[in-house]
Amino acid sequence: MKDKPDKKILEKCIAHPLFRVISGVSSDLSVPAYVVGGYVRDCLLGRDNPSQDIDIVVLGKGIEAARETARRLKPSPRVSVFKNFGTAMFRYKDIEVDFVGARRESYRQDSRKPVVEDGTLEDDQKRRDFTINALAIALHPDEHGTFIDPFDGLEDLRKKIIRTPLDPKVTFSDDPLRMLRAIRFATQLDFRIEEETFRAIYRNRRRIRIVSMERITTELNKIMLAPRPSTGFLLLDRSGLLEEILPEIHALKGIEKRKGMAHKDVFLHTIQVLDNVAKKSDNLWLRWAALLHDIAKPATKKFVEGQGWTFHGHDFLGSKMVPRIFRRLKLPMNEKMKYVQKLVALHLRPIALTTNEVSDSAVRRLLFEAGDDIEDLMLLCEADITSKNEKKVKKHLENFRVVREKLKTIEEKDAVRNFQPPVTGEDIMQTFDIPPSRTIGILKEAIKEAILEGTIHNDRQEAYQYMIEQAKKLGLEVKKNLIKEEG
Ligand code: CTP
């Protein structure tokens with residue numbers, strides 16, 4: 001006999017009051033109803049961060065069942081109906097509940113168009129992506145709590161295996177995004193992709209091109225947010241999907257050797273940096289910065305005689321590449337993108353501050369440029385240390401600890417992290433009685449530079465005095481009546 005989860009566990013999975021209402025509707029409308037998919041999977045896995053969405057399969061009258069369920073809930077949610085798909089959904093207390101009628105697609109010999117007919121539960125289950133996502137629990141009172149698992153999904157759940165219920169070729173041609181979902185689930189859950197399934201991903205990798213970028217990026221972000229994203233990137237690489245969806249990352253692969261000198265594999269280094277960052281922060285955008293920090297290394301790579309491999313300017317060029325990559329991936333082009341750009345641009349700067357004779361002004365400049373993202377920048381820099389030599393790692397970490405101290409001391413003294421010009425454009429116009437013009441920008445810039453250089457303190461009076469001196473050089477005099485007023 002096939003293994004089943006403990007009855008108590010199954011009961012617990014359908015203990016939410018919503019299921020009681022659905023059971024009642026299923027009984028009153030005389031239609032069998034089942035909870036399937038991610039909800040059942042996560043419940044059996046006891047996941048800390050379970051799927052909040054509930055998928056209900058109804059054998060006939062799916063839309064009616066959704067409407068009736070919503071009507072019985074207090075407060076009654078509004079139901080969205082998608083007639084063409086025979087589906088309906090509503091949101092109830094942060095939970096999205098989807099109702100689908102079980103359907104079967106069959107192909108008639110005289111037509112290539114599938115005919116959609118009402119189907120059985122198993123018809124529905126076999127059209128799903130993976131065996132672990134095709135588990136169902138019955139809700140109708142006659143079979144309440146019965147576990148239905150025609151493809152041994154429970155066994156796969158226990159063995160930690162991602163496998164398609166049908167021939168993977170069929171499952172993936174239904175929706176090629178599932179190839180990426182296989183990798184996403186393997187990464188999130190730390191599962192292994194079964195061999196036949198994995199081979200099919202490799203063979204069908206080019207079919208990912210027909211999937212919309214938005215759907216691809218949703219999966220990529222889930223891989224990025226997993227506890228160990230490198231697992232996903234190694235699978236993406238081995239399956240050939242990396243080259244399809246992230247050619248810039250694929251280009252980081254490999255090492256080159258000349259005159260006995262090899263550089264490290266930037267791809268392997270990058271995904272280790274990503275894992276290191278993931279251990280310290282849940283910030284998706286910091287993780288994207290980690291993924292892209294060395295993105296311009298292939299384009300800037302040079303072998304310099306007597307020096308070895310260099311990547312001069314990869315920080316600057318890398319930051320220039322970020323918008324293009326974000327646009328193509330349909331990632332937001334707003335301040336999130338600017339944040340990633342900034343971290344890529346600045347990722348070498350803290351290293352420059354590790355020398356003993358570093359000036360206060362260099363520290364001030366970095367604080368000014370990084371602003372509130374200075375802490376994230378330091379996390380990225382520390383994550384960037386991937387040497388296998390423990391002594392080296394220790395030394396670099398100690399250096400960064402000293403940099404953090406310098407940053408703290410200077411910020412306490414000069415407060416340039418959230419720099420607000422101590423003298424405004426308005427002040428300048430009034431003082432010299434001049435209209436808006438380029439001169440104002442020049443003076444403001446001169447004041448900012450003087451503060452960052454340490455020529456003056458970040459203080460209104462000093463800045464005002466400095467402004468008058470600088471303005472004099474430009475031939476500007478303080479307005480007459482202002483001298484009287486002030487003096
Ligand atoms: N599904 C599928 N093929 C897809 C997407 C989804 O077969 N391309 C099915 C699976 O049975 C899945 C269910 O629809 O379990 C719900 O999909 P979704 O909400 O995207 O994923 P979950 O499995 O719920 O997982 P998560 O919440 O982590 O995204």
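Here is a list: Phe400, Phe419. Which entry is within 19 Å of Leu367 (Cβ to Cβ), free of Cβ contacts under 8 Å to residues at least 60 places away in the same chain, among the aromatic types (Phe, Trp, Tyr) and outside any loop (DSSP other than H, G, I, E, B)?
Numbers: Phe419 fails: outside any loop (DSSP other than H, G, I, E, B).
So the residue among Phe400, Phe419 that is within 19 Å of Leu367 (Cβ to Cβ), free of Cβ contacts under 8 Å to residues at least 60 places away in the same chain, among the aromatic types (Phe, Trp, Tyr) and outside any loop (DSSP other than H, G, I, E, B) is Phe400.
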Pair list, Cβ under 7 Å, 6 or more apart: segment 243-254 residue under 17 Å from Val322 (Cβ atoms), other residue modelled with pLDDT of 95 or more and aromatic (Phe, Trp, Tyr) | Ile249/Phe267; Leu252/Phe267
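Quick grid of which residues meet (1) closer than 22 Å to Leu242 by Cβ; (2) in contact (Cβ under 8 Å) with a residue 40 or more places away in the chain; (3) in contact with a Pro (Cβ under 6 Å, 6 or more places away or on another chain); (4) surrounded by 13 or more Cβ atoms within 10 Å (Cβ to Cβ):
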residue	(1), (2), (3), (4)
Leu284	yes, yes, no, yes
Ala296	yes, no, no, yes
Lys302	no, no, no, no
Gly308	no, yes, no, yes
Ile325	yes, yes, no, yes
Hits in segment 134-157 - residues which are farther than 26 Å from Leu18 by Cβ and touching a residue at least 40 places away in the same chain (Cβ under 8 Å) | Asp152, Glu155
Report, by residue number, each residue of segment 355-375 that is surrounded by 17 or more Cβ atoms within 10 Å (Cβ to Cβ) and either in the same structural domain as Asn458 (by TED's automatic domain parsing) or of a type outside the set (Gly, Ala, Ser) (or both).
-> Val363, Arg364, Arg365, Leu366, Leu367, Phe368, Glu369, Asp373, Ile374
Determine if segment 7-24 includes at least one residue that is surrounded by 21 or more Cβ atoms within 10 Å (Cβ to Cβ) and among the small types (Gly, Ala, Ser).
-> no
Gly24 being under 26 Å from Phe85 (Cα atoms), within 16 Å of the ligand (Cβ to nearest atom) and not polar (S, T, N, Q) = no
Gly46 fails exactly one of the following numbered conditions: (1) under 22 Å from Phe185 (Cβ atoms); (2) of a type outside the set (Lys, Arg); (3) within 12 Å of the ligand (Cβ to nearest atom). What is the number of that condition?
-> (3)
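Within segment 39-54, track down each residue that is closer than 17 Å to Phe147 by Cβ and either surrounded by fewer than 17 Cβ atoms within 10 Å (Cβ to Cβ) or in contact with a strand residue (DSSP E or B) (Cβ under 7 Å, 6 or more places away or on another chain) (or both). Step through it out loud before you land on a result.
Filtering segment 39-54 for residues closer than 17 Å to Phe147 by Cβ gives 39-46, 54.
Of everything in segment 39-54, those that are closer than 17 Å to Phe147 by Cβ and either surrounded by fewer than 17 Cβ atoms within 10 Å (Cβ to Cβ) or in contact with a strand residue (DSSP E or B) (Cβ under 7 Å, 6 or more places away or on another chain) (or both) turn out to be Tyr39, Val40, Leu45, Gly46, Ile54.
Quickly run through segment 323-377 and pick out the residues that are among the hydroxyl-bearing types (Ser, Thr, Tyr) and touching a helix residue (DSSP H, G or I) at 6+ places or on another chain (Cβ under 6 Å). Explain how you work it out, then say what you get.
To start, the set of residues in segment 323-377 that are among the hydroxyl-bearing types (Ser, Thr, Tyr) comprises 339, 354-355, 359, 361.
Correct list: Tyr339, Thr354, Ser361.
Please work out which residue is farthest from the ligand (Cβ to nearest atom), limiting yourself to segment 49-66 and to residues that are of a type in the set (Gly, Ala, Ser), more than 20 Å from Asp190 (Cβ to Cβ) and modelled with pLDDT under 95. If you could, list the steps in order and put the result at the bottom.
Quick first cut of segment 49-66, residues of a type in the set (Gly, Ala, Ser) only: 51, 60, 62, 65-66.
Next, from what is left, pick out any that are more than 20 Å from Asp190 (Cβ to Cβ): 60, 62, 65-66.
Remaining after also requiring modelled with pLDDT under 95: 60, 62.
On the way: Gly60: 20, Gly62: 15 Å.
Restricting to residues being of a type in the set (Gly, Ala, Ser), more than 20 Å from Asp190 (Cβ to Cβ) and modelled with pLDDT under 95, the top hit is Gly60.
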What number goes with the only condition from (1) of a type outside the set (A, V, I, L, M); (2) touching a strand residue (DSSP E or B) at 6+ places or on another chain (Cβ under 7 Å); (3) within 14 Å of the ligand (Cβ to nearest atom) that Pro5 does not pass?
-> (3)
Which of (1) within 19 Å of Glu122 (Cβ to Cβ); (2) away from the ligand (no atom under 15 Å from the Cβ); (3) in contact with a strand residue (DSSP E or B) (Cβ under 9 Å, 6 or more places away or on another chain) is the odd one out, the single condition Leu73 does not satisfy?
-> (1)
With respect to Val40, is the statement that it is touching a Leu at 6+ places or on another chain (Cβ under 6 Å) and assigned by TED's automatic domain parsing to the domain that holds Leu139 true?
-> yes
Would segment 160-169 turn up any residue that is surrounded by fewer than 21 Cβ atoms within 10 Å (Cβ to Cβ) and touching a residue at least 40 places away in the same chain (Cβ under 8 Å)?
-> yes
If you take just the helices (runs of 4 or more DSSP H) that sit entirely in segment 287-373, which of them hold at least 2 residues that are among the charged types (D, E, K, R)?
-> 314-328, 335-346, 360-370
Output for segment 241-286, where each listed residue is of a type in the set (A, V, I, L, M), at pLDDT 95 or above and either within 19 Å of Ile216 (Cβ to Cβ) or not in a helix (DSSP H, G or I) (or both) | Leu241, Leu242, Ile245, Leu246, Ile249, Ala251, Leu252, Ile271, Leu274, Leu284
Any residue at all in segment 224-243 that is crowded, with 21+ Cβ neighbours inside 10 Å and within 28 Å of Phe303 (Cβ to Cβ)?
-> yes
Do we have any residue at all in segment 104-117 that's within 13 Å of the ligand (Cβ to nearest atom) and either modelled with pLDDT of 95 or more or in contact with a Gly (Cβ under 7 Å, 6 or more places away or on another chain) (or both)?
-> no
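What are the residues in segment 157-181 that are within 10 Å of Ile132 (Cα to Cα), hydrophobic (A, V, I, L, M, F, W, C), within 13 Å of the ligand (Cβ to nearest atom) and not in a helix (DSSP H, G or I), if any? Working first, answer last.
So the first thing to find is which residues in segment 157-181 are within 10 Å of Ile132 (Cα to Cα), and the list is 157-158, 160-165.
From the residues that got through so far, the ones that are hydrophobic (A, V, I, L, M, F, W, C) too are 157, 161-162.
Filter once more, so that each one left must be within 13 Å of the ligand (Cβ to nearest atom): 157, 162.
The answer is Ile162, and nothing else.
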Restricting attention to segment 189-220, the residues that are surrounded by fewer than 19 Cβ atoms within 10 Å (Cβ to Cβ), assigned to a helix (DSSP H, G or I) and within 11 Å of the ligand (Cβ to nearest atom) number exactly 3
Going through (1) crowded, with 16+ Cβ neighbours inside 10 Å; (2) at pLDDT below 95; (3) of a type in the set (A, V, I, L, M, F, W, C) one by one, Ala352 fails only at (1)
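Could you tell me whether Leu154 is within 27 Å of Val31 (Cα to Cα), in a helix (DSSP H, G or I), modelled with pLDDT of 95 or more and more than 10 Å from the ligand (Cβ to nearest atom)?
yes
The values are calculated or read from the model by the stated rules, or taken from the named source; none is laboratory data. From a predicted model like this one, the values you see are computed outputs, not experimental measurements. With ideal geometry, Cβ positions are generated from the backbone for all residues, glycine too; neighbour counts draw on all protein chains shown.
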